[in-house]
Amino acid sequence: MNSGVENRAIEQRLSALEDRNAILDLEAAYAVSWDTNQPQRWAELFTEDGIFEMLAAGELPHLRFQGHEALAGFCRDINTRWSGLHYMHPPQLEIIADAARATVFFEFKYLNREGPAQTRQGTAGGYYRVRYRRTAVGWRISERIEKPVMSATAAFFDIGG
C-alpha cells in the first residue's frame, strides 16, 4: 500500500472518530443544558429549523416545537415546574457525510411541583430517534422525536396541620 492511500485511509478514520465524538458531546450537552435549566443553550444545540417532538403516550399529549425560539420557550416553561436528570445511553449512531442519525435510550428521574400542596416524583423512560446535521458551527440536532415507553410516579401532598 502506498503512503498516499495509507494517509487518506487514516485521515478518513480520524475524521469519522472526530464526528462520532462531536455527536457524543452534543448528546451530553443536550442533557446538561436541559437538566440545569439553560433554555437558550439547549435550543442552540438544534439547527435553526430544528424540531423536538414528543409522541403521545398514555395521558401525555403529542407535542412539537420547531425553531430556536419555540424550543427555548418549551424548555423554559417545563423547567418552571419540573426538575430532573437525564440518564442517557450511548447512541446507536450512523454517520453518512454531513448527516447522521441515532437511537438514544434514556431514563429521566424528576420532581414535578404541581402546586403548593402537591409534588410528584417519578421516572420516565423511552428513546429518542435523532437526526443530526453538520453545520458551520458543528454538528447540531435537526430532529429529535421522543417516544415515551414507561412512567412511574409517586405523589406527595401537604400534610397540613
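Laboratory data are not the source of any read-out in this text; all were calculated from the coordinates shown. Since this is a predicted model, take the numbers as computed values, not measurements. Methodologically, a virtual Cβ is constructed for each residue, glycine included, from the backbone with ideal geometry; neighbour enumeration extends over all protein chains shown.
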| query | What do you reckon, is Leu93 more than 30 Å from Ala117 (Cβ to Cβ) and outside any helix (DSSP H, G or I)? | reply | yes
| said: Here is a check on your reading of the model: is Leu14 without any contact (Cβ under 8 Å) to a residue 40 or more places away in the chain and surrounded by 11 or more Cβ atoms within 10 Å (Cβ to Cβ)? | reply: no
| task | Output the residues belonging to the stretch 131-154 that are in contact (Cβ under 8 Å) with a residue 40 or more places away in the chain and hydrophobic (A, V, I, L, M, F, W, C). | result | Trp139, Ile141, Ile145, Val149
| said: Here's a check for you: in the stretch 96-105, which residue that is among the small types (Gly, Ala, Ser) and assigned to a strand (DSSP E or B) is nearest to Met150 (Cα to Cα)? | reply: Ala102
| task | Could you tell me which of the residues Pro90, Pro116 is loosely packed, with under 13 Cβ neighbours inside 10 Å and closer than 28 Å to Asn21 by Cα? | result | Pro90
